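Novice: Below are the structure tokens for one structure; questions will follow.
The values are calculated or read from the model by the stated rules, or taken from the named source; none is laboratory data. Since the model is a prediction, treat every value here as computed from it, not as a measurement. All Cβ positions, even for glycine, are placed from backbone atoms using ideal geometry, and neighbour counts span all protein chains on display. Each accessible area value is taken on the protein alone, full model and side chains, heavy atoms only, with ligands, DNA and RNA left out. Shrake-Rupley method; radii C 1.70, N 1.55, O 1.52, S 1.80 Å.
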Amino acid sequence: MRLGPDPNTMSNNDVLNTCKEEDLNEDSISIQNGLEMIREWLRKQPHLNVRDDDESLLIFLRSSKYSIQRTKEKLDNYYSMITLLPEMFDDRDPFASDIQTLLNVGTMVPLPNTLGKCGPRIIFYGCGYDPVLVPYTTIMKVCLMMYEILMAEDLNTVAFGIYLLFDLKRFSLKYVLQLTPAILTQHVYCTETGYPLRLKGIQIDNCPPAMDVIIKIANACLKGKVSNRFHVYREDSNLQKEIPLEMLPIEHGGKNGSIKELGAIWKKKMESYREWFRENAKYKTNENLRPGPPKTSDSELGVDGSFRKLAVD
């Protein structure tokens, strides 16, 4: 997936505790056969312009548990997502003023320790942004940019998925006006369908009552078993949580890295991918060349169907 960031930037191996390739018990012959089958299929897909090096394709193969059919689906979903949501994937410049403001706050970070050695990567969202300087679409864009970096550098993310951990204690309720059903649908679609990552769960801590309708809409967007892994807690909740306290950052009572330190590291990391993000914009689908009906925002994001499903009591 990677052109290669600035070699002077700290490697994720120095930041994240990751499993090793030998932990996956992969069969090299099966892997090569799988890659050849995927490339043969890609040659017959005129609408797909993809990164087809071994490293890039292996991300999709591993995240699909080596299923060729699922790999094909994930490749098509990922590259069509880039086409269908240009507002999220064009102009992804880490040095843009709104993105720099978000990165300077430094509270959106992957945590060093996973849920088990060969377990999902926890991505922590600590909020604390000004809705005027950092609109929700910017939060969403940077969130997706972080997925890209983790796909390229973190084997736990690729092979075992991600667990999203939100702390809304510093979340400005002014964002509620920006969180339309359309925006929420886009965010859930990208995370759950567009990216080739297994969403293992979502935990939201310190959720204010004013967010209840937004939470219901977001949960309604989730599919199948993922919706059963959506856990919301009030500020005064004493319930046993899915992510144990020790897996939280130090500033939140845990032992899983310092937000202050991680924020500075990930700011540099994001900036080092500037040219990669520019280059990656050209890899997407041309829906005019797709065999059969083209994918559209309506068909994929459910403008005609999902919004009816999003009715809130």
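Novice: Can you confirm whether L179 is touching a residue at least 40 places away in the same chain (Cβ under 8 Å), of a type in the set (A, V, I, L, M, F, W, C) and surrounded by fewer than 19 Cβ atoms within 10 Å (Cβ to Cβ)?
Specialist: Spelling it out, L179 is indeed touching a residue at least 40 places away in the same chain (Cβ under 8 Å), of a type in the set (A, V, I, L, M, F, W, C) and surrounded by fewer than 19 Cβ atoms within 10 Å (Cβ to Cβ).
Novice: Turning to a different aspect of this structure: Conditions first: (1) surrounded by 11 or more Cβ atoms within 10 Å (Cβ to Cβ); (2) under 28 Å from G292 (Cα atoms). Q32 passes all but one, so which condition is the exception?
Specialist: (2)
Novice: Output the number of residues of the stretch 107-128 satisfying the condition of being open to solvent by 20 Å² or more (accessible area, probe 1.4 Å) and aromatic (F, W, Y).
Specialist: 0
Novice: Filter the stretch 52-73 for residues that are open to solvent by less than 20 Å² (accessible area, probe 1.4 Å) and either among the basic types (K, R) or not in a helix (DSSP H, G or I) (or both) and give the result.
Specialist: The answer is S64, and nothing else.
Novice: I204 - would you say it is touching a Lys or Arg at 6+ places or on another chain (Cβ under 8 Å) and surrounded by 18 or more Cβ atoms within 10 Å (Cβ to Cβ)?
Specialist: No: the conditions fail for I204.
Novice: Is it fair to say S80 is within 17 Å of F160 (Cα to Cα), crowded, with 18+ Cβ neighbours inside 10 Å and modelled with pLDDT of 95 or more?
Specialist: No; evaluated as a whole, the condition is false for this residue.
Novice: Looking at the stretch 29-52, I want the residues that are farther than 21 Å from Y195 by Cβ and have a partner that is surrounded by fewer than 17 Cβ atoms within 10 Å (Cβ to Cβ) and modelled with pLDDT of 95 or more with Cβ atoms under 6 Å, at least 6 apart or on another chain. Which pairs are those?
Specialist: Once the first residue is farther than 21 Å from Y195 by Cβ and sits in the stretch 29-52, its partners that are surrounded by fewer than 17 Cβ atoms within 10 Å (Cβ to Cβ) and modelled with pLDDT of 95 or more give M37/I68; P46/L289.
Novice: Is it the case that some residue within the stretch 271-282 is assigned to a loop (DSSP other than H, G, I, E, B), among the small types (G, A, S) and touching a residue at least 12 places away in the same chain (Cβ under 8 Å)?
Specialist: yes
Novice: Sticking with this one: Pull out all pairs, ordered by first then second residue, where Cβ-Cβ is under 8 Å, the residues are six or more apart or on different chains, the first lies in the stretch 164-176 and is under 14 Å from V132 (Cβ atoms), and the second is among the acidic types (D, E) and surrounded by fewer than 22 Cβ atoms within 10 Å (Cβ to Cβ).
Specialist: S172/D130
Novice: Provide a single number: the residues in the stretch 237-267 that are surrounded by fewer than 17 Cβ atoms within 10 Å (Cβ to Cβ), of a type in the set (K, R) and closer than 28 Å to P94 by Cα.
Specialist: Residues that pass the stated criteria total 1.
Novice: Out of all the residues in the stretch 223-246, which are more than 22 Å from T114 (Cβ to Cβ) and either in contact with a Lys or Arg (Cβ under 9 Å, 6 or more places away or on another chain) or not aliphatic (A, V, I, L, M) (or both)?
Specialist: K223, G224, S227, R234, E235, D236, S237, N238
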